[in-house]
Structure formats: C-alpha cells, structure tokens
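Worksheet: the structure to be examined is printed underneath.
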Amino acid sequence: MGRYLFGAMALTAGAGWMWAQASIGGCPVLPANNIWNTPVNTLPVAANSATLVNTIGSGKYVHADFGSGTWNGGPIGIPFITVPGTQAKYPATFLYDDESDPGPYAVPLNAPIEGGSQSTGDRHAIALDTTNCILYELYAAHPQTASWQADSGAIYNFRSNALRPAGWTSADAAGLPILPGLVTWEEVASGEIRHAIRFTVPQTRRAYVWPARHYASSLTGAQHPRMGERFRLKAGFDISGFPADVQVILKAMKKYGIILADNGSAWFVSGKPDERWNNDNLRRLHEVVGSNFEAVDVSSLMISPDSGEARQAGTAVRVEVSPLAPQIYVGRNQQFTAAVTGAPNTAVKWSVDGIEGGSAARGFIAPDGLYMAPTALPSPAAVVVKAVSAADGDAEGSTTASVTALPHITSVSPNPVTTANFTVTATGVGFRAGAVLRFNGTVLATTVLSQSQVRATGNVAASAAGVPVVVANPDGVSSNTAYMNVQLAPPATVAVTVAPATASVRQGAAQQFTATVTGTADKRVAWRVNGVTGGSTRWGTISAAGLFRAPRVGTGSKLIVTVSAVSLADTRKSASARVTVTR
C-alpha cells in the first residue's frame with residue numbers, strides 16, 4: 001500500500017500491560033506521561049470536530065483490522081515480537097534512507113511480517129529488545145540473506161519521550177511508533193486498555209499535529225484531518241449492549257481516544273493478531289459509526305513540540321494485577337499480585353467473577369492473592385480475577401485466567417506400531433502449545449494439533465510390549481502414562497519384472513533384456529532360456545547381464561523361446577519375456 005502521498009494502511013489494536021501499557025518484558029511502552037498513555041476524556045472538543053468527522057465519514061463504521069485466523073493468506077493485524085539483547089542485529093537499506101534510522105536492526109530475519117511472508121501490503125516487521133528497551137520497526141520489510149531491505153525504518157528508546165526529527169517519517173506515515181497504539185488480546189483480557197489506539201482514514205491533509213512528525217498527502221483543505229489528529233468516542237455513547245471484550249476497547253476510545261497514524265480505510269483501528277480473538281465480537285464494532293466520535297484539542301498537554309511528554313492531571317490511584325491472562329490447571333494454585341500506585345495504602349480486596357474471596361465453582365482466592373482453581377473444569381473456563389483498592393473503591397485492576405484440564409491421554413493410535421519409522425497420535429485433554437510426546441522416555445518430533453490431540457513421529461528397531469507413552473507440556477506437567485506395543489514389520493515381498501516383455505529377433509542377432517527386482521536389497525538375477533541357465537545353442541544363449549543371442553532357424557520357419565530372470569534373493573520369484581526368432 002502507498003506510504004507517503006497515497007499511504008493506505010490496515011489497522012489493528014495493541015497490547016495492554018501494566019500502568020498505561022507500561023511494561024512488555026520489563027520495558028515501559030514509552031514513559032507513563034507520554035501522550036500515547038495520557039487520558040483525553042476531559043479535554044475540549046476541537047473547533048472543527050464536526051467538519052473532520054464528516055470528511056472521514058460520519059456514517060462509516062469502525063472496523064477492527066485485527067483478529068484471529070487469516071485474511072488473504074496472512075494473520076489479521078500487525079504482529080510484533082520481543083527479543084533479548086543478544087539478538088543479532090542486521091544492516092538495513094532503505095528507499096527513504098534520508099528519513100530512516102540507519103540501524104543495524106535487532107529484527108530476526110524470520111520475524112513475522114504483517115500480512116504474511118507473501119504480503120504485498122505494508123509488510124511491517126517489529127521487534128522489541130526487552131533487555132535494552134529499544135523498539136525496532138520496519139515498513140515494506142523484505143528479509144535478505146543477512147540484512148533487511150525496506151522502504152523506511154525507525155528505532156525508539158521506550159524509556160524516552162523523544163520524538164523523531166520534524167518532517168521525518170517512521171515505519172508509519174505519521175512518523176509515530178506503531179507498537180504503542182496496537183490493541184492486544186492480553187490487555188483486553190486484563191479488563192482495561194490504557195493508551196490511545198492507532199487508526200487510519202482515507203484522506204489526510206498535507207500537515208501534521210503534535211505528536212506526529214510527518215504528513216502523507218498533497219491535499220491542503222482544512223476539512224481533512226492532519227496526521228496525529230486525536231479523536232475520542234463521545235462520553236454519552238451507550239456501550240452496555242456490547243460484549244465484554246468490545247466494551248474494553250470502547251472504554252479506551254472514550255478515555256484515551258484514537259490517534260491518526262496513516263492513510264487507509266475509514267475508522268480502521270489496529271491491533272496484534274491472536275488466535276484468541278473472537279471475530280464475531282470484534283465485528284460488533286461495526287455498530288459504532290463516525291458520528292459517535294469527536295476530535296479533541298490536545299494542545300494544552302504539549303510541553304515541547306519535540307517531546308511526547310504530556311502534562312498530567314493529579315495522580316490517580318491505579319491497581320495493576322499480574323500475571324496477565326495465565327493458564328491454570330484444575331486443582332492447582334496461581335499467585336496473583338496487585339501493584340497499587342497513587343495511594344499510601346496498598347491493600348486490596350480480591351474477587352473471582354465478582355465474588356469476594358471466590359467460590360467452589362469458580363475457584364477461591366486468599367487475601368494475599370493466592371488463587372486455588374476448582375477441582376473440576378468450570379464452564380466457562382475463563383475466570384476474572386479482580387483486585388479493588390482498599391484506599392479507593394473505584395480503583396481496580398483485573399485479569400482473565402483460563403482454567404484448563406491437566407494433560408491426560410485417553411487413547412493412542414495406531415496401537416501397535418511396527419518397527420522402523422512410525423507416526424502415532426495421542427488423544428486426550430489438556431495438551432498445550434509446545435507439548436512433546438515421550439515414547440519409552442525418548443522425546444519424539446511432536447506437533448500439537450489441538451488441546452486434545454498431538455501427533456509424533458519416531459523410529460524403533462525392535463518389537464516390544466507395554467512401551468510407555470507420556471505427553472509433557474512445556475511447563476513440565478506430564479500426563480498419565482499410556483502403553484503401546486511394537487511388532488515386527490512384515491517382510492517385504494520380492495517381485496521381478498523383465499523388459500521388454502516381448503521381442504522379435506533375427507537369427508544370430510542380439511537383444512538386450514533388463515530385470516528389475518523390488519522388495520529386497522539384492523538385485524541379482526539368473527538369466528535362463530527355456531529354463532536353462534545361460535541358454536543353449538539350440539534355443540539361444542543369454543549372458544549374466546541379460547544379452548540374448550538368437551540361434552539359427554530353418555528356412556521359412558521361426559522359433560519361439562522364453563527368456564526368464566530368477567531372483568537370487570528368492571528363487572521362487574521370476575519374470576519372463578516371449579521371444580520370436582526369425583530368419
């Protein structure tokens with residue numbers, strides 16, 4: 001898609017971690033006082049709000065340009081990965097090198113690319129170095145043998161509020177970082193998004209407004225929004241009828257708003273692909289239209305035009321629950337912690353699905369945050385663990401935990417398997433991504449097909465009875481032991497073919513025959529003519545290599561003989577050819 005004058009970008013929604021999306025892998029996602037992380041719900045409406053909304057499309061609906069599954073062969077959304085500080089850095093060459101950070105870039109050459117490896121779209125590749133808290137973003141990224149080729153690239157220090165030089169693009173048309181504006185499943189599952197969300201519109205103005213640094217249009221009319229323009233969902237818009245996950249997104253649109261980052265489809269918001277998204281729920285965003293938004297004047301928040309630092313209101317009490325979105329086995333414990341900021345009293349009250357202290361059906365939680373999952377799998381299997389500040393009852397934090405069955409094998413097939421190479425499938429419950437199948441203690445090459453099925457391939461040399469089979473999840477929890485038998489593979493059947501199958505040969509002439517032997521490594525044969533090994537002067541002779549020499553025949557007559565090849569590996573197996581000898 002176009003980047004500068006004609007940029008059109010598909011958008012997605014981002015990740016929710018600690019306060020104001022404060023941490024990924026221990027790194028802040030920009031400082032807490034950054035403009036991305038600052039609420040705008042109390043700021044004044046921009047004077048030209050109605051005009052801007054009408055230009056974008058007051059009747060056009062909001063679309064989540066992210067979700068589960070694939071679209072046109074690639075995941076839906078803008079992916080990103082985390083890497084350690086030891087990640088190899090690769091040089092990069094850029095089409096717009098005068099506005100790109102030279103690198104090198106700590107983006108693995110096999111990093112996920114927006115739209116998939118064959119995409120012809122924006123092809124963003126994004127990696128966060130969680131050791132040094134440095135973000136690397138590439139646009140139109142194409143991995144080479146030991147480098148990257150892209151249209152543009154940008155590097156950000158997540159501990160800094162510094163903006164790019166004025167007039168510079170980034171991996172996004174507005175010159176902004178992409179990752180801080182993406183919606184992720186984890187933050188939605190936690191119950192709150194605490195940052196603005198990235199979005200696109202069809203046409204923008206040849207101008208940008210803080211914190212954007214770059215425009216991507218030749219249009220000059222004031223009816224068009226500028227890059228960096230901030231909008232928010234109107235406070236009076238009723239979200240009560242939407243699914244809980246969609247309500248989290250809509251609340252963020254009211255409190256933190258959306259930031260215009262690229263040209264694209266109207267009211268398309270961006271996020272990270274995740275197989276846990278409920279696409280049917282996300283489509284409910286289509287019930288929200290442009291007229292439900294208003295442009296916001298954020299100028300009062302700007303401290304410096306070259307910094308993303310924003311003026312902050314008084315410190316509010318905040319509660320952050322961790323870990324986010326854990327998976328917990330039935331009957332097992334999980335320690336939750338609550339970080340309270342903005343109040344000297346850090347005590348909290350814990351609840352599970354709205355019940356203080358929890359319940360037998362949904363699991364109990366102790367005053368110190370130790371959650372005890374129920375002994376039977378609850379329905380639904382997702383439970384909301386919430387901590388409410390004792391200092392401010394309106395301040396709360398939550399996370400959604402998934403209660404899962406312990407790994408258990410109910411059957412393995414085929415059973416028995418035969419010696420040599422084999423493939424076995426274990427069926428049961430509680431298998432997690434990254435699980436391995438152990439066959440007699442040996443870890444086999446394993447593919448997790450689903451939570452209820454894994455498939456593995458291996459090789460065994462000898463027959464055996466009662467071979468133990470176990471599925472082990474990546475967290476070290478193993479299933480029960482199933483048992484299999486191994487039987488000898490049936491012996492291969494020897495077969496012989498002779499070519500050609502028929503032949504006409506003049507007396508004294510030669511004809512080459514070939515024998516093909518299958519089912520054994522021994523390919524040798526004995527050649528015979530009319531049952532006589534090597535033949536005779538009467539019927540014709542044949543060499544060990546299959547060269548037949550025809551005998552003499554009487555005037556006006558012909559002779560018919562049989563040439564045969566007998567397997568030396570199994571003399572019961574042979575094949576023959578019919579030969580007509582003429583004068």
Among (1) assigned to a strand (DSSP E or B); (2) in contact (Cβ under 8 Å) with a residue 12 or more places away in the chain, Thr447 falls short only on (2)
- Query: If you go through region 29-43 one residue at a time, do you hit one that is closer than 17 Å to Arg159 by Cα, among the aromatic types (Phe, Trp, Tyr) and either at pLDDT below 50 or out of contact with any Leu (no Cβ under 7 Å at 6 or more places or on another chain) (or both)?
  - Reply: no
Across region 270-283, the tally of residues that are surrounded by 21 or more Cβ atoms within 10 Å (Cβ to Cβ) and in contact with a Ser or Thr (Cβ under 7 Å, 6 or more places away or on another chain) stands at 5
Note on region 56-79: residues more than 24 Å from Lys251 (Cα to Cα) and either modelled with pLDDT of 95 or more or touching a Ser or Thr at 6+ places or on another chain (Cβ under 6 Å) (or both) are Gly74
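Do the conditions hold for Phe439, that is, is it more than 30 Å from Ala381 (Cα to Cα), buried (at least 18 other Cβ atoms within 10 Å of the Cβ) and not charged (D, E, K, R)?
Yes, satisfied.
So that you can scan it fast, the table gives a plain yes or no per residue for (1) among the β-branched types (Val, Ile, Thr); (2) surrounded by fewer than 17 Cβ atoms within 10 Å (Cβ to Cβ); (3) at pLDDT below 95:
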{"position": "Asn333", "(1), (2), (3)": "no, yes, no"}
{"position": "Val340", "(1), (2), (3)": "yes, no, yes"}
{"position": "Pro344", "(1), (2), (3)": "no, yes, yes"}
{"position": "Ile365", "(1), (2), (3)": "yes, no, no"}
{"position": "Ala373", "(1), (2), (3)": "no, no, no"}
Counting only residues that are over 10 Å from Tyr329 (Cα atoms), among the polar types (S, T, N, Q) and in contact with a strand residue (DSSP E or B) (Cβ under 6 Å, 6 or more places away or on another chain), region 363-408 contains a total of 4
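Table: residues versus (1) closer than 14 Å to Asp151 by Cβ; (2) under 15 Å from the mean Cα position of the chain (by Cα); (3) of a type in the set (Gly, Ala, Ser); (4) in a strand (DSSP E or B).
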{"residue": "Asp101", "(1), (2), (3), (4)": "yes, no, no, no"}
{"residue": "Val107", "(1), (2), (3), (4)": "no, no, no, no"}
{"residue": "Ala111", "(1), (2), (3), (4)": "no, yes, yes, no"}
{"residue": "Glu114", "(1), (2), (3), (4)": "yes, yes, no, no"}
{"residue": "Asp122", "(1), (2), (3), (4)": "yes, no, no, no"}
{"residue": "Ala127", "(1), (2), (3), (4)": "no, yes, yes, yes"}
{"residue": "Thr131", "(1), (2), (3), (4)": "no, no, no, no"}
{"residue": "Leu135", "(1), (2), (3), (4)": "no, no, no, yes"}
{"residue": "Leu138", "(1), (2), (3), (4)": "yes, no, no, yes"}
Residue count, region 381-422, condition at pLDDT below 90 and loosely packed, with under 14 Cβ neighbours inside 10 Å, comes to 3
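The values are calculated or read from the model by the stated rules, or taken from the named source; none is laboratory data. It should be emphasised that the depicted structure is a prediction, and the values quoted were computed from it without experimental measurement. Don't worry about glycine lacking a Cβ; one is built from the backbone with ideal geometry, like all the others, and counts go over all protein chains shown.
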